[in-house]
Amino acid sequence: MIVAIDGPAGSGKSTTARRVAKETGYLYLDTGAMYRATALAFLRRDREATSEAARAVLPDVQLGVKHERGEMRILLGDDDVTRAIRTPAISRLTSTISELRPVREKLVEEQRRIARRFASEEGGGVVIDGRDIGTVVFPDADVKVFVVADPEVRARRRKRDLEADEVSVSFEEVLADIKERDRQDRRRDIAPLRRAEDAIELDTTHRSVEEQVQFVVDRIRERRRGE
Ligand code: DC
């Protein structure tokens with residue numbers, strides 16, 4: 001079972017995807033974390049976000065994904081970078097490097113490989129979140145959800161998440177950052193953020209996390225029953 005959850009930053013897709021995975025026993029794959037860890041590799045090598053730099057940096061980028069107590073951890077080589085990738089600077093750089101074709105080609109391939117491995121385990125399934133899962137990575141996903149929410153609500157959520165990670169930023173900075181990333185993610189040439197035609201839209205502006213999770217779990221159950 002492959003469950004694709006796409007949507008813009010702060011829409012609630014990661015929270016929903018993580019909780020749906022817990023509820024169903026499927027594994028959670030956060031593709032944004034893979035793009036972020038790749039951005040960190042660019043930063044550590046002090047390289048600009050160009051295709052030429054990507055070709056130099058990417059062969060050395062060894063991404064690893066593991067699950068500990070139900071949480072996904074992301075590794076860059078041997079280094080667990082799960083926390084280090086959650087900063088506004090990395091968010092901005094990620095949006096830029098994720099426009100580069102060599103980056104997308106490498107990561108899409110890795111996402112397919114990892115997800116198929118997870119999904120092939122007995123009773124297995126994977127809940128993947130990102131921007132292009134239902135359109136590019138798994139156009140044949142069993143369940144596709146496109147999550148949306150008003151920008152102000154998304155900025156409030158993102159600020160709360162950052163504060164939980166002890167990163168202090170103003171609401172205005174987060175809102176501006178979200179709007180800018182939306183613009184970049186939607187207008188880029190390769191794999192822009194858009195709803196797949198057969199994806200179900202989930203507006204989380206006025207929904208609780210429980211309602212969002214239930215909505216997706218219901219879609220998975222329908223699918224399992226062959227509806
Ligand atoms: O979901 P997130 O905020 O962690 O994503 C970080 C960035 O990575 C975001 O700007 C868009 C990009 N991204 C992407 O281009 N494709 C994906 N499948 C996931 C994330």
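Worth pointing out:
- The set of residues in the stretch 60-107 being among the aliphatic types (A, V, I, L, M), buried (at least 19 other Cβ atoms within 10 Å of the Cβ) and out of contact with any strand residue (DSSP E or B) (no Cβ under 9 Å at 6 or more places or on another chain) consists of I90, L93, I97, L100, V103.
- For beta carbons closer than 6 Å, sequence separation of 6+ or different chains, a first residue in the stretch 192-221 that is over 15 Å from S14 (Cβ atoms) and a second that is of a type in the set (S, T, N, Q), the qualifying pairs are A196/T135.
- Residue count for the stretch 185-200, restricted to those that are more than 14 Å from the ligand (Cβ to nearest atom) and part of a helix (DSSP H, G or I): 0
- Residue in the stretch 76-85 that is within 12 Å of the ligand (Cβ to nearest atom) and among the hydroxyl-bearing types (S, T, Y) present: yes
- Answer from A21, A41, A53 - the residue that is buried (at least 17 other Cβ atoms within 10 Å of the Cβ), away from the ligand (no atom under 13 Å from the Cβ) and without any contact (Cβ under 8 Å) to a residue 12 or more places away in the chain: A53
- Sub-7 Å Cβ pairs linking a first residue in the stretch 141-169 that is open to solvent by less than 20 Å² (accessible area, probe 1.4 Å) to a second residue that is of a type in the set (F, W, Y), at least 6 apart or interchain, are A155/F171, ordered by first then second residue.
- Subset of the stretch 185-204 (residues that are touching a helix residue (DSSP H, G or I) at 6+ places or on another chain (Cβ under 7 Å) and either crowded, with 17+ Cβ neighbours inside 10 Å or modelled with pLDDT of 95 or more (or both)): D185, A191, L193, A196, A199, I200, L202, T204
The values are calculated or read from the model by the stated rules, or taken from the named source; none is laboratory data. The shown structure was predicted, so the numbers you read here are calculated from the model rather than taken from an experiment. With ideal geometry, Cβ positions are generated from the backbone for all residues, glycine too; neighbour counts draw on all protein chains shown. Side chains included, ligands, DNA and RNA excluded: accessible areas come from the protein's heavy atoms. Shrake-Rupley method; radii C 1.70, N 1.55, O 1.52, S 1.80 Å.
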